[in-house]
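The values are calculated or read from the model by the stated rules, or taken from the named source; none is laboratory data. Quick caveat, the model's predicted, so the values are computed rather than measured. Glycine also receives a Cβ, built like all others from the backbone with ideal geometry; neighbour counts cover every protein chain displayed. Just the protein is used for accessible areas: all its heavy atoms, side chains included, with ligands, DNA and RNA removed. Shrake-Rupley method; radii C 1.70, N 1.55, O 1.52, S 1.80 Å.
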Protein chains: 2
Amino acid sequence: MSVNAWVWFIMAVSVASLGMAWIFTREVLGADTGTKAMQDIALAIKEGAEAFLKRQYTTIYALSILLAVLIFGFYFATKGSTLAWKMVISFFAGAVCSGIAGFSGMFVSIRANLRAASAARTSLNRAMQLALRGGAVTGLSVVALSLLGVGLIFLAFGGMSNPKEVPYQIVGFGFGASFVALFAQLGGGIYTKAADVGADLVGKVEAGIPEDDPRNPAVIADLVGDNVGDCAGRGADLFESTAAENIGAMILGVALFGHFGLYGIFFPLVARAFGLLASIVGIWTVRLKNEEEDPMAALNRGYMITSLLAIAGFYAAVYFLLNNNLWFFAAGVIGVINSFVFVWITQYYTEYRYRPVQSIANASVTGSATNIITGLAVGMECTAMPVIAISIAILASYYCGIHALPGVRGAGLFGTAIATMGMLSTAAYILAMDTFGPITDNAGGIIEMSGAPEEVRKRTDRLDSVGNTTKALTKGYAIGSAALAAFLLFSAYLDQITELMQKKTGNMNYVFEHVDLSKPLVFIAALIGAALVFLFSALAIKAVGKAAYSVIEEVRRQFRENPGIMAGTSKPDYGQCVDIVTKGALKAMVAPGLLAVVVPVAVGFIFKFFATAEDPTIGAESVAAVLMVGTIAGILMATFMNNGGGAWDNAKKFIETGQLGGKKSDAHKAAVVGDTVGDPFKDTAGPSLHVLIKLLCTVTFVMAPLFL
Amino acid sequence: MSVNAWVWFIMAVSVASLGMAWIFTREVLGADTGTKAMQDIALAIKEGAEAFLKRQYTTIYALSILLAVLIFGFYFATKGSTLAWKMVISFFAGAVCSGIAGFSGMFVSIRANLRAASAARTSLNRAMQLALRGGAVTGLSVVALSLLGVGLIFLAFGGMSNPKEVPYQIVGFGFGASFVALFAQLGGGIYTKAADVGADLVGKVEAGIPEDDPRNPAVIADLVGDNVGDCAGRGADLFESTAAENIGAMILGVALFGHFGLYGIFFPLVARAFGLLASIVGIWTVRLKNEEEDPMAALNRGYMITSLLAIAGFYAAVYFLLNNNLWFFAAGVIGVINSFVFVWITQYYTEYRYRPVQSIANASVTGSATNIITGLAVGMECTAMPVIAISIAILASYYCGIHALPGVRGAGLFGTAIATMGMLSTAAYILAMDTFGPITDNAGGIIEMSGAPEEVRKRTDRLDSVGNTTKALTKGYAIGSAALAAFLLFSAYLDQITELMQKKTGNMNYVFEHVDLSKPLVFIAALIGAALVFLFSALAIKAVGKAAYSVIEEVRRQFRENPGIMAGTSKPDYGQCVDIVTKGALKAMVAPGLLAVVVPVAVGFIFKFFATAEDPTIGAESVAAVLMVGTIAGILMATFMNNGGGAWDNAKKFIETGQLGGKKSDAHKAAVVGDTVGDPFKDTAGPSLHVLIKLLCTVTFVMAPLFL
C-alpha cells in the first residue's frame, strides 16, 4: 500500500472510532433513566460536574492563551514568524483536542451513571455494558482525537513534502495536550479528593453515617468529584500519553528515514489505528455469561481479546510498513506484555487477596498510626517491581531494535518506541475500563441515595468494587506508559538540541548525545529535577488538605445549624459544598501547575550562563538531567502514591468484608484514616505526576532554543 | 612547616582530643549520682543498652568478617595478595574504629544521664554542662578516631613514599566505617522507634498514662532506645562522614599533587585537626548566663564560637599548606556557612514557632488523617530549600576551586572538597550537641520515673526540649554533609575507574569521566538506584512496624495479665520488653543492610556483560549512575523523612503547650498519631539513608574491579 493509502487508513479509522463513540453515546442516552428520585440526584451530579468543568477549562484556556503569547513572542524573536505560528497553532490544537476529548467523555459519563443505575435494577449485565460503553466514549474519543490531531497537523504543516522537519514542529501539540492535562488532572484530582476526604471525615468518622448517605451535605460533591477526577482527568492524562508517544515515535522514525522513508514516520499512527480497531471489538464483546459471573472476569476477557487483536494489528503494521522486520514486531509484543505485567503488579499491591494489603489491614488492629506506617512502607516497597519491569522492557526492546537494523544509529531507540506503541495499543480499552469506574461509583451512589432495595444495592456494590479495581489498574498502566513515553521524548529532546546546534554552529556532524551526571552543574540540575517532584507532590497534597478543610468546616456548619439534616427531616445544601470545592480546587491547581512549567525552563535559562567554549551546551544538558532524573523520581513517587493509596483503600474494604472486627470496629476506624490519607496520594498527586513527567519533556522541547 | 611536622600535628591533636574526651569522662563519672530510685532506673537503662550493643556488634562483626573474606578473595584473585591484605586491613581498621567510637560514646552517655538528672535537682546550668560534656565524649572520640585511623593507615601503607597510590588503598577504611555505620544506625534506629512507638501507642493512647510513666512496661526499652539510636547510631553515621570525607578529599588532593605535593593530600587532615581544637574550646565555653537563660542560647553561642575558630583554623591551614590561596579559603567558608544554612532550614521546618509545624497542628483539629496528610506535604515541601542550598554550595565552591588554580584539572572538585571540610569542621561540636539529646531525654525519664518534685521536672523538661531541637538539627547537618561527602566520593570512584582502565588498557591518557544518562543502560541503572532508596526505606520502616507490633502485644499482655501494674501496686517486667525489642531490631536490620550492599554490586556485575568494544566501561558507568541518582533520591527522601518526622513531633509538642485544646484534646490525640508515624521516619529510615548514601560510594569503590 502507498503511503497515501495509509494516511487515508489512519484518518478513516479515527473518524470511524469517533462514529463508534457517537453510537455508544446514542445507546447510553437512549437507555431508561429510572425513577424521579434517581433523576434528581443524577441531575445534581451533572450540574455540579458541568459547572466545575466549565470554570476549570475557562481557567485553563486563559492560562493557555497567556502561554501561547509567550511562546509566540519567543519563537517570533528567535526563529521567525512561520515557526512561531506553527508552534502556537499546534499548541492550541493539542490544548483544544484534549479539551474536547475530556468534555465529550464527561458528557456521557455523567449521564451513563443514571442509566447504569436504572439498568442495575433489573440486570447486572446490562448495567455493566452501559457503564463500559459510556466509558468507551472517553476511551475512543481520547485516542481517536489524539491520532486525528497529530495526523492532521502533520499534513497541514506539509509533512508529506518535508517529513524530516515537520515532526519536530508538532511537539507543540504534545505540549498543548500536556499543559491542559496537567491542570485537568490537578484540578480534577484536588476536587475529587477534597470532596471525598471532607465527606468521609465528617460523615463516616464524626457523624457515623455510611458512604453516600443523602444526609451528608458533601455527598453530591463527592460524586461529582469521581467524574471530574477519574474521568476528565485521566482522559486528559492518557490523551497526552498517546499524543506524546505518537509524536516522540514519529521523531524517532525520522532517524530511520533512510530505511523506511515516510513509512517509518507513519508507523506509529498506523499501529495506533489498529489498536483502536482492536479496542472497539474488545468493548463490543464484553458481556456476562450469566448474572452471577464476576464482572471483572468479563472485562478481563475483553482486555485479552483487545490485546490479541492489537498484537495481530501490530504484525500487520510491521509487515506492511517495516519490511516485515520481526525484531520490531517482537518489540511491540514486549510492550503489550509489559502492560499486562504492570496491571498484574498493580493488582498484587492493591488487592486484598494478597499479602501487602492484608498487612495494612492487620496493622489497623493496633491503631491508625501503625496502619499509616505499614501503608507507607507498602507504597515505597511496591516501586521495586515496576522498576524492574520497565527496565527489562526498555532494555529488551532496545536490543530488539539493534538487532532489527544492526549498526544503524537510532534503531535501538526506535525499538523502545515500538514497545511503547505496543503498551499503548490497548489504551482505548483501558480508558473505557477506567471511566467505567466513576460511572459505576456514581451509579452506586444514585442507588444508595434514592433508597433502592437491598438486592439492587448489592448489584451496584459489585460493579462499584470492580470499578475500584479498574481505576487502580489504569493508574499502573498510565504510569508505565508515561515512563516509556517520556523515555522517547528524551531522545526527541536530544535530537532537537542536535538540530539547533547544527544550525547554530553550521557543523552538520555535530551530535548532542551526552547527559553527563559527573559535571557538577548537571548533577545539580538532576537534584533539582528530583526535588521538583517532591515539591510538586507537596503542593498537590496541600491543595487537597486546604480544600478538604473548607468542606469539613462547611459540613460541620450545616450539621450544627440545621439539626434536621441528621434527623432526616430536612435536605442539606449540596450546592454550597459543590461551590466551595470548585473554588478551592481551581485556586489550588495554579501554583503546582506553574511550578512544573517554570522550573525546567528556569534551569535551562540560568544554567546556560555557565556555558564555556568547551562546553557550549551546558544549559541544554542540565535541562536534560532535570527531565531524566525528574522522570525517575516521578515514576517512583507516582507508583508509591498510586499503589500506596490503592492499598489503603482496599485494606479498609477488606475489613468491611467482616475481617478483623468488620465495620465500626476500631480496626475499621484506623483503616478509614489510612484510606483518607491515601486519597490525595492516589487520586491527586500520583496521577498528576504522570502528567508532570510528560510535561517536563514537552515544555523543554518547545523552549529548547532558550537553553542555548 | 615540613610535612612531617604537620603529620605530628595531626597525630598530636587527635591524641589530645581523645585525652580531652577522657577528662570529660572523668568529670561526668565523678559527678553526683542522685537517689537510690534514680540509680535503679539508670541501671536498668545501662544494662539494656549494653546488652543490646553487645549483641548488635557481635552480629555486625560477624557480617564484617564474612564480607572481609569475600573482599580478600576477590582482591587476591584479581590484584594479588599485597592489595588484598591492604584492603582487608583498612576495612577492619575502619570497622573497629567506628565500633570503639560508638561504644565509648555510649559508655559515657548511659552514665551521664543519671548525673545530669541528679544535677538538675539543683542547677540547670550544671545539668546542661554535664549533658553536653557527656555528649562531647562521643563527638571527640568519633572525630579524633576517624582522623587518627585514616592518618595511621596512610602512614602504615607507606603513604609518605607512595602518596599517589595509597589514598586509593585506604578507601577500605571508609567502607568498613560505612558498613558498621549502616547496621549501627539501622539496628539502633529500629530499636529506638519500635520501643518508642510501642510504648506510646499502648501507654499514651490506649491506657492514657503519660510519657515515661513507670507503669508502662516498655518505658525502659524506650529510654534505652534513645541511647542506641541517637547516640551510637548517629555517632557511627558521622564517623563515617568524616572518614569518607577525609579519604575522598585526600584522593582529590592527589590530582593536585603537582601543585601542592603532600601538603595537598594532608590538607584535609590538618583542617580537621583545627576543627577538633575549635570544637574543644567551643564545648568548654558553654555555660548559662543565669539559671533562667534558654539552654539553646548557650549551645548556640558555643556553636558560633566553634564556627569562628574553625574558620580561623581553616585560614591557618590554607595559609601554611595551600600557598595562602584565598579562593580555597573562600570555599571553606562556604562550607561553614552551608552548615549554618542547613541548621536554619531544619529549624524553620521543625520548630513550632514557624508556619510549617503550626499548619500540622492546625490540621490535627480535623483529625489524624488531615494531620498525616499535612505532615507528609510539609515533609515533601521541605526538600526544596536544602536542595537549593546544597546546589549553591557545590557550585560556588566548585568555581572557587576553578579560580584558585585556573586551568588545572581537578581544582574545581578540590574546591568542593574544601567546602565539605568546612561543613564538617564543626562536626565534633555538633555531635556533642546531638548526644546531648538522648542524655537529657534519659535524664528527664529518670526524674519523671523517680517521682521528683515538679520544679525539677520543669528543669529537665526544658533540657529535654532543647535536646529534641539539637537532635533534629544534627540530622539536617548530617544529611547536608553526607551529600557533600558523597559528591567527593563520586569523583574518587571515577578516578578509581580511570586508574583501573589505564592499567588494563595500558593507555595512560585514558580518562573515565562521563556518566551519560542518555544511554538506556545508564538510565535504567539510575532508575534502579533511586528505587533502591525507596525499597530500603520501606524495609527500614517495616522493620520498625514489625518490632513495634511485638512490643505492643507484650505491653498489652502485661497490662492484661497483671492488673496491679496500672493500679501502681506491682512493677511491670521491663526486661522482657527490652529483650523483645533487641531481638526484633537485630533480626530486622539484616535485610535492608544487605540490600544496600548487594544492589550496586549486582548492577555493576550484570551490566558489564553489555560492554562492547566501543563502550567497554558500561558496567562501571551504570554503577556511577546508581550512586549518583541513588544519592539524589537518598538526600531528598532523608530530608523528607527527617524533617517530616521532626515537624510531626513538634506539632504534638505545640498542642501540648496548651494550644488548640492542649493535652488530652482530640487534636492532641490526632497529633500523637502523626508523631508516631514520624518516629520511624526521622529516627530509623531517614538517618539510615545518610549512611546508605555513603555506603553506596564506598562499596562500589572497593568492588570497582568487578565492574570492568
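Quick look at the numbers
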{"read-out": "Cβ neighbours within 10 Å from other chains - mean over A:389-397", "value": "3"}
{"read-out": "Axial C-alpha extent at least 18 Å, average Kyte-Doolittle at least 1.0 - helices from chain B (DSSP)", "value": "B:3-30, B:81-120, B:124-156, B:171-199, B:262-285, B:295-321, B:326-350, B:384-404, B:411-424, B:520-561, B:574-607, B:686-703"}
{"read-out": "Inter-copy separations for B:A613, label at 7 Å along Cα-Cβ, nm, ascending", "value": "3.6"}
{"read-out": "Peptide ranges A:87-97, B:366-376 listed from the most packed, as the mean C-beta count within 10 angstrom indicates", "value": "B:366-376, A:87-97"}
{"read-out": "Given charges at Cβ of Lys, Arg, Asp, Glu: chain A dipole, positive-most of A:I100, A:G34, A:Y75", "value": "A:Y75"}
{"read-out": "Radius 9 Å from Cβ of B:A127, net charge of other residues (Lys, Arg +1; Asp, Glu -1)", "value": "+4"}
{"read-out": "Spin-label model distance (nm) - A:F103 vs A:L66, 7 Å beyond Cα toward Cβ", "value": "2.1 nm"}
{"read-out": "Nm distances between copies for A:T505, ranked from closest, using label points 7 Å along Cα→Cβ", "value": "2.1"}
{"read-out": "Neighbour net charge for A:A42 - beta-carbon separation under 15 angstrom, K R +1, D E -1", "value": "-4"}
{"read-out": "Whole-Å semi-axes of segment B:80-205's equivalent ellipsoid (Cα gyration tensor)", "value": "38, 20, 8"}
{"read-out": "Two-site label geometry, B:L594 and B:T657: point separation in nm, points 7 Å out along Cα→Cβ", "value": "4.8 nm"}
{"read-out": "By average C-beta atoms within 10 angstrom, highest first, the peptides A:449-459, A:323-333", "value": "A:323-333, A:449-459"}
{"read-out": "Euclidean distance of C-alpha centroids, segment A:32-101 and segment A:440-486, integer Å", "value": "26 Å"}
{"read-out": "Efficiency of FRET from Cβ geometry, A:E47 and A:Y319, R₀ 60 Å, rounded to 0.05", "value": "0.75"}
{"read-out": "15 Å beta-carbon shell around B:S241, net charge (K/R +1, D/E -1)", "value": "0"}
{"read-out": "From the C-alpha gyration tensor of segment B:559-708, square roots of 5λ in Å", "value": "46, 22, 9"}
{"read-out": "Threshold 40 Å², segment A:627-662 residues less accessible with all protein chains present than alone (1.4 Å probe)", "value": "A:M628, A:I632, A:L636"}
{"read-out": "Test item: A:200-206 mean partner chain Cβ contacts at 10 Å", "value": "2"}
{"read-out": "Gyration tensor verdict on segment A:519-613 (Cα atoms; rounded if a/c is under 1.5, prolate if a/b is larger than b/c, oblate otherwise)", "value": "prolate"}
{"read-out": "Calculated log₁₀ intensity ratio I(q)/I(0) where the Debye formula runs over C-alpha points of segment A:458-520, q = 0.25 Å⁻¹", "value": "-0.99"}
{"read-out": "7 Å along Cα→Cβ, label-point gaps from B:S81 to other copies, nm, shortest first", "value": "8.4"}
{"read-out": "Whole-Å distance, taken between Cα centres, linking segment B:510-536 and segment A:169-227", "value": "37 Å"}
{"read-out": "5 Å binning of all Cα-Cα separations within segment A:585-626, expressed as whole percents from 0 upward", "value": "6, 23, 23, 15, 11, 9, 7, 4, 2, 1"}
{"read-out": "Efficiency of FRET between B:E614 and A:Q502 - r from beta-carbon atoms, R0 30 angstrom, step 0.05", "value": "0.85"}
{"read-out": "Spatial separation of Cα centroids for segment B:233-249 and segment A:245-317, in angstrom", "value": "54 Å"}
{"read-out": "Alpha-carbon radius of gyration plus Dmax, which is the widest Cα pair, for chain A in Å", "value": "24.4, 80"}
{"read-out": "Cα-centre dipole for chain B with unit charges at Cβ (Lys and Arg positive, Asp and Glu negative), debye to 20", "value": "580 debye"}
{"read-out": "Peptide-level mean, for B:663-672, of C-beta atoms on other protein chains within 10 Å", "value": "1"}
{"read-out": "Equivalent ellipsoid semi-axes, segment B:289-401, via Cα gyration tensor eigenvalues times 5, rooted, Å", "value": "37, 21, 6"}
{"read-out": "Solvent exposure of chain A as accessible area per residue, Å², 1.4 Å probe", "value": "29 Å²"}
{"read-out": "Relative pair counts by distance (%), Cα atoms of segment A:353-438, 10 Å bins", "value": "16, 23, 26, 21, 11, 3, 0"}
{"read-out": "Accessible surface of chain B [probe 1.4 Å, protein heavy atoms]: carbon and sulfur percent", "value": "64 percent"}
{"read-out": "By average C-beta atoms within 10 angstrom, highest first, the peptides B:41-53, A:552-564, A:695-707, A:674-686", "value": "A:674-686, A:695-707, B:41-53, A:552-564"}
{"read-out": "Efficiency of FRET from Cβ geometry, A:E513 and A:S123, R₀ 60 Å, rounded to 0.05", "value": "0.55"}
{"read-out": "Label-to-label distance, nm, for residues given as A:Y354 and A:F76 (7 Å Cα→Cβ offset)", "value": "5.4 nm"}
{"read-out": "For the protein assembly as shown, convex hull of alpha carbons as volume per residue, Å³", "value": "154 Å³"}
{"read-out": "Residue (of A:G630, B:H403, B:Q185) at the positive-pole extreme of the protein assembly as shown, dipole from beta-carbon charges", "value": "B:H403"}
